[in-house]
Amino acid sequence: MMKRKKYKGLQRRKAISGYLFIMPFIIGFLVFMVKPFFQSLYMSFCNVKVGSSGFELIYGGLVNYLRAFTVDIEYNKLLTTEITRMSYNSVAIMVFSFFAAMILNQEFKGRAFVRAIFFLPVILSSGVVLGIEYNNTLLAGMQDAIQQSAGGTSITTAIQNILTINGIGSRLFELVFKIVDGVYDVAIASGIQIIIFLSGLQTISSNMYEAAAIEGCTRWESLWKITFPMISPLFLVNWIYTIIDFCMRSDNKVMEKISKTMIVDLNYGFASSMAWVYFGIVIVIIAISSFIISKGVYYYE
């Protein structure tokens, strides 16, 4: 009974420490984000006119939302494309970051230096750097020159054509080749996920693997019986982070469409409705996928 009370007291102190850690974000959200959040929601139902006295909101009901789904064909196409790209890119990032963390957790010479190199994507994936890289005309020119010197066909394209000619190609192969072609983007977007997985792997005691090896477990069995259960909560954390990070990327076509509508066209009401539609879809995807992933999460008390 005494041990149980001590355990609950320890858990309570950990919970208090966690809330204190995120308290600056909570205060900042309540002070700076709550009001604009609901203003944006109300603005999505209005026809917004900008005058000398400020914004004039004329309530129009669901007109902006109906326009987003039934009138603006480009938005629907971009929405479908980006949601699809987010789905397979997020899976690729999770797989890559997990196995990269597994490699970095091994004992080898120069491990600290290699870990520092793998931390570079955290810096390179920042919005400013990624935006500069995305609009880099020099890099685009070099890529065109490489393609022309190679006859305009990449290795992955050549392999894909061979498989298609032989009747082996399918939608799954096309998806795999898209991921292979975008391996640089996957690596750049995996920095934080690698760090989170690596921190989880370092909390697993080596005694567990030694005991499993004595019992005759192979490394493959230890991976599924020890590693995955011990860091399973981190899969959920990384999955949610990966989806949100993808939605905030500077090369996200939906976000470009919303920004152009708001800044260039000055159509704040329609831009707000598109943003809220995108936000709602992403929240639903996160909720459903989190529910599915949480079924396989092991929580230890």
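The values are calculated or read from the model by the stated rules, or taken from the named source; none is laboratory data. Predicted model, so just to flag it, every value in this text is computed and none were measured. With ideal geometry, Cβ positions are generated from the backbone for all residues, glycine too; neighbour counts draw on all protein chains shown. In case anyone asks, the SASA skips ligands and DNA or RNA and just uses the protein heavy atoms, side chains included. Shrake-Rupley method; radii C 1.70, N 1.55, O 1.52, S 1.80 Å.
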Item to complete: Take the Cα radius of gyration of the stretch 195-262 and divide it by 2.2 N^0.38 Å, with N its residue count; two decimals is plenty.
Response: 1.76
Fill in: Solvent-accessible area of T227 with every protein chain in place, 1.4 Å probe, in Å² to the nearest 10
0 Å²
Worksheet item: Which FRET efficiency, nearest 0.05, do I204 and V183 yield, Cβ-Cβ r, R0 25 Å?
Response: 0.35
Worksheet, complete the sentence: Listed by chain and number, the lysines with an alpha carbon less than 26 angstrom from that of K8, same-chain partners under 8 positions apart left out, are K295
Worksheet entry | DSSP-loop GluC sites (Glu not before Pro) across the stretch 184-255, with at most 11 other Cβ within 10 angstrom | E215
